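The values are calculated or read from the model by the stated rules, or taken from the named source; none is laboratory data. What you see is a predicted model; the values in this text were computed from it and never measured. Heads up, the Cβs are rebuilt from the backbone with ideal geometry, glycines too, and the neighbour counts pull from every protein chain shown.
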Ligand SMILES: C[S@@+](CC[C@H](N)C(=O)[O-])C[C@H]1O[C@@H](n2cnc3c(N)ncnc32)[C@H](O)[C@@H]1O
């Protein structure tokens with residue numbers, strides 16, 4: 001059973017602080033923890049929990065990296081997360097910080113095969129939301145969007161129109177989101193929730 005110290009640690013500190021304390025800068029790298037990422041993603045996910053929602057949610061993630069976002073998303077339900085490679089800290093970080101054990105990770109090196117696997121999963125199971133955080137090129141985002149849009153709710157990461165440096169780095173994400181039509185966008189930068197217009 002979890003000791004009191006561990007429990008209060010889990011309740012009082014942000015994921016950023018906990019990961020940084022344990023793994024340093026290397027643990028934070030590539031994740032969405034900077035600039036209140038945990039709080040923002042939590043708020044956006046919380047907005048999906050309507051009175052008629054079937055819980056736990058079923059969440060699909062493209063781009064696991066070190067598993068930080070998957071751990072945060074798993075507070076809301078079961079997370080199926082995909083990546084083309086495993087990072088050195090993925091397993092250790094997951095072991096250290098997962099709270100619920102409902103993260104299902106898959107690494108498939110070939111992006112084409114990875115998409116087929118996701119397509120097969122979507123054909124057989126209902127999902128409530130997808131978190132799109134894989135390759136950030138225009139082509140890849142477009143493919144991920146077409147693959148998952150049937151879910152009806154997608155959250156894009158790395159929409160940074162008001163941050164000069166990141167706006168350059170993630171120009172394709174910004175252009176893609178800004179070009180989306182006939183939809184409802186809820187922006188909590190750097191996250192954007194996409195839903196089709198009703
Ligand atoms: C920014 S990181 C994801 C960060 C993670 N979501 C988080 O916040 O903790 C992007 C990840 O996408 C992965 N990736 C790159 N190309 C991909 C592809 N075609 N399909 C899925 N994942 C891909 C990279 O290996 C990398 O781990």
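Data overview
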item: In the range 40-56, residue nearest to residue 137 (Cα to Cα) [restricted to those that are surrounded by 15 or more Cβ atoms within 10 Å (Cβ to Cβ) and modelled with pLDDT of 95 or more]; result: 41
item: Scope the range 55-72; condition free of Cβ contacts under 8 Å to residues at least 60 places away in the same chain and within 9 Å of the ligand (Cβ to nearest atom); matching residues; result: 64, 66, 67, 68, 70, 71, 72
item: So residue 22, is it at pLDDT 95 or above, within 16 Å of the ligand (Cβ to nearest atom), more than 24 Å from residue 115 (Cα to Cα) and not in a strand (DSSP E or B); result: no
item: Every pair of residues 6+ apart whose Cβ atoms lie under 7 Å, when the first sits in the range 73-92 and is farther than 14 Å from residue 133 by Cα and free of Cβ contacts under 8 Å to residues at least 40 places away in the same chain while the second is within 11 Å of the ligand (Cβ to nearest atom) and assigned to a loop (DSSP other than H, G, I, E, B); result: 90/64; 90/66; 90/67
item: Those strands (runs of 3 or more DSSP E) lying entirely in the range 59-173 with at least 1 residues surrounded by fewer than 16 Cβ atoms within 10 Å (Cβ to Cβ); result: 103-107
